[in-house]
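Visitor: Below you will find the structure I want to go over with you.
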């Protein structure tokens, strides 16, 4: 299993937005050092919390500050862009990052964004699929692409740069509860990004999502791979559950109220007590606010429900302050990730083998020490005898 973050981001209003964006960059740099595999960056244009308008610009900045972590748009809202221009920008990033960029796509999550652009919310998913058809043709076809819809036109269109990544950069389509994401993933043979995997509806959808994707892929003679399936969910961990609960009092309520009052996605309505809110979120499986052991159990639960997936992405939040947030990600890297990466087995086996054979090894060490002492005194005696003979 691989690991990363899904950075919308979520920054409560009333704070310096420039510093908030700098914290986002600092976090990605820290995750790069900790060995996280990926970071996905959101695109939003309203509501004041999710303040990155261009994931491509943010990724270009983050790429210059990191070495290994892959960086994806999480996600680019396809109905908001002409497909040729957006694909061109992503191919440019593919070259600039030497293949570290990923292209996450979706219909757009905030209805307020669509409203400001005069886009009918009910048309967004259809437009996403039309745009994705054009994007995949631009990425894969050697011939010019001509395509006309009621909102964009391609006329003998082609990319002037082919992707740096061969055959092309990874494309992933977002899914929440509806089957539109898995259907699109199957139709175009791209990766699947289940953004709401721990919500009740999203969790229930995991049971059938992969069947939908594979059936749809077969219809279009494509293949999809479970290792390219990513699940997203929030978490905050500390050494003890009590500490974790105390830490998230910093910002948990702001995050929940944003979804209830602004983003139109109620999570735990009517709860204004932090402890009761934590209980509701944990008991529903929506989040883990607790210990590494609790988070390991959550990943096992998601694995069982989905039948298996490739990457878990922590939904980045500001439930805790900056220092404790970084500590949570470090604890996750140290005590959760290795259990699902197979990196604990070999050291443990080596340790057990050394312990089991310690008596024999210690006996050999004793023999070596005895021999070294004997050799030393034999050498000293020989030197003494040689000195006497010379005198």
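The values are calculated or read from the model by the stated rules, or taken from the named source; none is laboratory data. The structure presented is a predicted model; accordingly, all values stated were derived computationally and were not measured. Ideal geometry is used to build each Cβ from the backbone, glycine not excepted, and the neighbour counts take in all protein chains shown.
Visitor: Hey, among the residues in the range 150-172 that are assigned to a strand (DSSP E or B) and in contact with a strand residue (DSSP E or B) (Cβ under 7 Å, 6 or more places away or on another chain), which one's surrounded by the fewest Cβ atoms within 10 Å (Cβ to Cβ)? Steps first, please.
Guide: Taking the range 150-172 and keeping what is assigned to a strand (DSSP E or B), we get 153-157, 171-172.
With the extra rule that they be in contact with a strand residue (DSSP E or B) (Cβ under 7 Å, 6 or more places away or on another chain), the set shrinks to 154-157, 171-172.
On the way: 154: 18, 155: 10, 156: 8, 157: 19, 171: 22, 172: 25.
Result: 156.
Visitor: Within the range 59-82, is even one residue closer than 25 Å to residue 187 by Cα, touching a strand residue (DSSP E or B) at 6+ places or on another chain (Cβ under 8 Å), in contact (Cβ under 8 Å) with a residue 40 or more places away in the chain and assigned to a helix (DSSP H, G or I)?
Guide: Yes: one or more hits.
Visitor: Any chance you could count how many residues in the range 336-358 are in contact (Cβ under 8 Å) with a residue 60 or more places away in the chain and part of a helix (DSSP H, G or I)? Steps first, please.
Guide: First, the residues of the range 336-358 that are in contact (Cβ under 8 Å) with a residue 60 or more places away in the chain: 336-337, 340-341.
With the extra rule that they be part of a helix (DSSP H, G or I), the set shrinks to 337, 340-341.
Matching residues across the range 336-358 total 3.
Visitor: Just wondering, is there one or more residues in the range 343-363 that are in contact with a helix residue (DSSP H, G or I) (Cβ under 6 Å, 6 or more places away or on another chain) and within 30 Å of residue 69 (Cα to Cα)? Spell out the reasoning first.
Guide: Here is the first cut: in the range 343-363, the ones in contact with a helix residue (DSSP H, G or I) (Cβ under 6 Å, 6 or more places away or on another chain) are 344.
Okay, now just the ones that are also within 30 Å of residue 69 (Cα to Cα), so 344.
Checked against the condition, which is being in contact with a helix residue (DSSP H, G or I) (Cβ under 6 Å, 6 or more places away or on another chain) and within 30 Å of residue 69 (Cα to Cα), the range 343-363 yields at least one hit.
Visitor: Against the definition (crowded, with 20+ Cβ neighbours inside 10 Å, within 25 Å of residue 61 (Cβ to Cβ), assigned by TED's automatic domain parsing to the domain that holds residue 207 and in contact (Cβ under 8 Å) with a residue 12 or more places away in the chain), how does residue 196 come out, yes or no? If you could, list the steps in order and put the result at the bottom.
Guide: Values: crowded, with 20+ Cβ neighbours inside 10 Å: yes; within 25 Å of residue 61 (Cβ to Cβ): no; assigned by TED's automatic domain parsing to the domain that holds residue 207: yes; in contact (Cβ under 8 Å) with a residue 12 or more places away in the chain: yes.
Criteria not met by residue 196.
Visitor: Turning to a different aspect of this structure: Which one of these does residue 221 not meet: (1) outside any helix (DSSP H, G or I); (2) more than 19 Å from the chain's Cα centre (by Cα); (3) in contact (Cβ under 8 Å) with a residue 40 or more places away in the chain?
Guide: With respect to (1) outside any helix (DSSP H, G or I); (2) more than 19 Å from the chain's Cα centre (by Cα); (3) in contact (Cβ under 8 Å) with a residue 40 or more places away in the chain, residue 221 is out only on (3).
Visitor: So which of 19, 31 is closer than 29 Å to residue 261 by Cβ and either assigned by TED's automatic domain parsing to the domain that holds residue 261 or touching a strand residue (DSSP E or B) at 6+ places or on another chain (Cβ under 6 Å) (or both)?
Guide: Numbers: 31 fails: closer than 29 Å to residue 261 by Cβ.
It is 19.
Visitor: Checking the structure you have, find out if any residue of the range 324-335 is under 29 Å from residue 193 (Cα atoms), part of a strand (DSSP E or B), touching a strand residue (DSSP E or B) at 6+ places or on another chain (Cβ under 6 Å) and assigned by TED's automatic domain parsing to the domain that holds residue 246. If you could, list the steps in order and put the result at the bottom.
Guide: Within the range 324-335, the first condition is being under 29 Å from residue 193 (Cα atoms), and the residues that meet it are 324-335.
Narrowing the set further to residues that are part of a strand (DSSP E or B) leaves none.
No, the range 324-335 contains no residue that is under 29 Å from residue 193 (Cα atoms), part of a strand (DSSP E or B), touching a strand residue (DSSP E or B) at 6+ places or on another chain (Cβ under 6 Å) and assigned by TED's automatic domain parsing to the domain that holds residue 246.
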